[in-house]
Every structure is written in structure tokens, then in C-alpha cells.
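**Student:** Below you will find the structure I want to go over with you.
The values are calculated or read from the model by the stated rules, or taken from the named source; none is laboratory data. The structure presented is a predicted model; accordingly, all values stated were derived computationally and were not measured. Glycine also receives a Cβ, built like all others from the backbone with ideal geometry; neighbour counts cover every protein chain displayed. To get the accessible areas, we keep the full protein, side chains included, count just its heavy atoms, and leave off ligands, DNA and RNA. Shrake-Rupley method; radii C 1.70, N 1.55, O 1.52, S 1.80 Å.
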Amino acid sequence: MNWTQIWVDMFGTTEWFGPNMGFWVSSAVVALVVVIMNVVLWNMKPLSKKG
């Protein structure tokens with residue numbers, strides 16, 4: 001499966017605002033990981049200290 005060809009068929013180019021498709025895909029992956037980490041960590045209960 002050629003992702004670049006699929007992208008070109010859909011949008012007509014492999015660049016958007018200058019950077020190529022790989023930049024935007026990697027940026028989207030990083031943003032998704034950051035959002036998932038925030039959701040998981042903000043929903044964790046704090047550990048209670050036994051003392």
C-alpha cells in the first residue's frame with residue numbers, strides 16, 4: 001500500500017504550507033500521544049501516603 005500515492009490521489013500534492021506529508025503525519029502522531037498522556041495522567045488518583 002503506497003500512502004503517498006493515496007494522499008496524492010486525494011489531495012493532489014504531498015506538501016501543505018511548505019512541509020511535506022511526513023512532517024504533518026509525525027506532528028499529528030506527537031500531538032495525539034501528548035493528548036493521550038494528558039488524559040491518562042490527569043485522570044489518575046493521587047497515591048495516599050500511609051503514615
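**Student:** Considering each of Val8, Val34 in turn, give the residue that is over 18 Å from the mean Cα position of the chain (by Cα), aliphatic (A, V, I, L, M) and open to solvent by less than 90 Å² (accessible area, probe 1.4 Å).
**Tutor:** On the way: Val34 fails: over 18 Å from the mean Cα position of the chain (by Cα).
Going through Val8, Val34 in turn, just one is over 18 Å from the mean Cα position of the chain (by Cα), aliphatic (A, V, I, L, M) and open to solvent by less than 90 Å² (accessible area, probe 1.4 Å): Val8.
**Student:** Select from segment 11-31 the residues that are assigned to a helix (DSSP H, G or I) and either at pLDDT 75 or above or exposed (fewer than 10 other Cβ atoms within 10 Å of the Cβ) (or both) and list them in ascending order. Let's see the steps before the verdict.
**Tutor:** Taking segment 11-31 first, the residues assigned to a helix (DSSP H, G or I) are 11, 21-31.
Met21, Gly22, Phe23, Trp24, Val25, Ser26, Ser27, Ala28, Val29, Val30, Ala31 - these are the residues of segment 11-31 that are assigned to a helix (DSSP H, G or I) and either at pLDDT 75 or above or exposed (fewer than 10 other Cβ atoms within 10 Å of the Cβ) (or both).
**Student:** What number of residues in segment 37-48 are open to solvent by less than 100 Å² (accessible area, probe 1.4 Å) and hydrophobic (A, V, I, L, M, F, W, C)?
**Tutor:** So the count comes out to 2.
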